[in-house]
Structures are given as structure tokens and as C-alpha cells.
Amino acid sequence: MAVAILLSGCGKKQETVEKIRDLELTVVAEDMLPEELLKAVAEKKNLPFKFTFQDGGYLYICIGYGEQESGGYSITVEDLYLTENAVYVKTRLLGPAADVPIDGVKSYPYIVIKTEYLDYAVVFE
């Protein structure tokens, strides 16, 4: 009985995050990035990174997956939404298709998401 009492207090309480609304987004091509942001991405691209950048009334959310052993990777945005306290973003790295030969040329997949500027913290899921 003592074990049952001890184990009942070991559960982790999960916070519920209530979505207020989805956010409109644009995936920004490298040649359309502000110069300062492009430099920051170039400096960080070898390792995984997550950071934000604000410019001209827009919020740029930058996510990189570091050095990969070949090309053919892509990144999908699974979710971008606003809650009462934060902007939440979730992306996923997709590997090369099975029929794509591994060429051994390293790549540095990253994505830059542009959305309206909101004065909230960004939570990377």
C-alpha cells in the first residue's frame, strides 16, 4: 500500500496549451533574407540552431538541422500558432527519398519562416 501511495505522486503534471489562432506564414528563400539574417544563418549552419529575428514589422523564425552527410533533405512546417503566452512552431526534417543516391556532399538544411511580428516568446517544439 505504501508503494501505491508513493507512485501516485510521481506523475508529471502536463500543462495544456490552448491555441488562440494559427499564424499565416511564408517560407523565405535564401536570396530574399535580410542580409544580417543571412549572415547569422551562415555563422550557425554547421550545428543545429533555433533563433528568431525581427525586421520591418515581421518575425523571422529560423531553424537549422546542422550538417548532414548528403543533400536531398527538406523541412516541413507542421504547426505555427499563437497561444496566450507564446508563439509555437513545430518543424520536421525529412530525409532524402529512398531512390535518391547518397552523393556524400554535405548539406546544411534550414528553414526561415516569416510571419507577422508578435511580441511573444517563441517556443520550438
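The values are calculated or read from the model by the stated rules, or taken from the named source; none is laboratory data. This one's a predicted model, so the numbers in the text were calculated from it and none came from an experiment. Cβ sites come from the backbone with ideal geometry, for glycine too, and all protein chains shown count toward neighbours. What goes into the accessible areas is simple: the full protein's heavy atoms, side chains included, and nothing from ligands, DNA or RNA. Shrake-Rupley method; radii C 1.70, N 1.55, O 1.52, S 1.80 Å.
Of the solvent-accessible surface of region 32-125, computed with a 1.4 Å probe and all protein chains present, 48% belongs to carbon and sulfur.
Residues whose amide H falls under 5 Å from that of residue 87, counting only those 5 or more places apart or on a different chain, are 121, 122, 123, with hydrogens built in the peptide plane.
A Förster radius of 22 Å, combined with the Cβ-Cβ distance separating residue 79 from residue 116, puts the computed FRET efficiency at roughly 0.85. A Förster distance of 35 Å, applied to the separation of the beta-carbon atoms of residue 125 and residue 99, puts the FRET efficiency at 0.70. Summarising the amide proton neighbourhood of residue 17: residues at separation of 5 or more, or on other chains, whose placed amide H is nearer than 5 Å comprise an empty set. Size descriptor for region 20-125, Kirkwood hydrodynamic radius: 14.6 Å (Cα pairs only, one decimal).
Dividing the mean sequence gap of close Cα pairs (under 8 Å, 6+ apart) by how many residues the chain holds gives a relative contact order of 31 percent. Summed over the residues of region 14-93 and divided among them, the accessible surface reaches 64 Å² per residue at a probe radius of 1.4 Å. Sites count as exposed loop sites when they are trypsin sites (Lys or Arg not before Pro), lie in a DSSP loop, and have at most 15 other Cβ atoms within 10 angstrom; the longest stretch of the chain without one is 20-105.
3J(HN,Hα) along region 108-124: 9, x, 8, 9, 10, 9, 10, 9, 4, 6, 10, 7, 10, 5, 10, 9, 8 Hz, from the Karplus curve 6.51 cos²θ - 1.76 cosθ + 1.60 with θ = phi - 60°, whole Hz, x for Gly and Pro. Taking amide H positions as modeled 1.01 Å from N, with prolines and chain starts lacking one, the residues under 5 Å from residue 55 and 5 or more places away or on another chain are 60. Projecting the Cα atoms of 25, 61, 87 onto the charge dipole of the chain, computed from C-beta unit charges around the Cα centre, puts 87 farthest toward the positive end.
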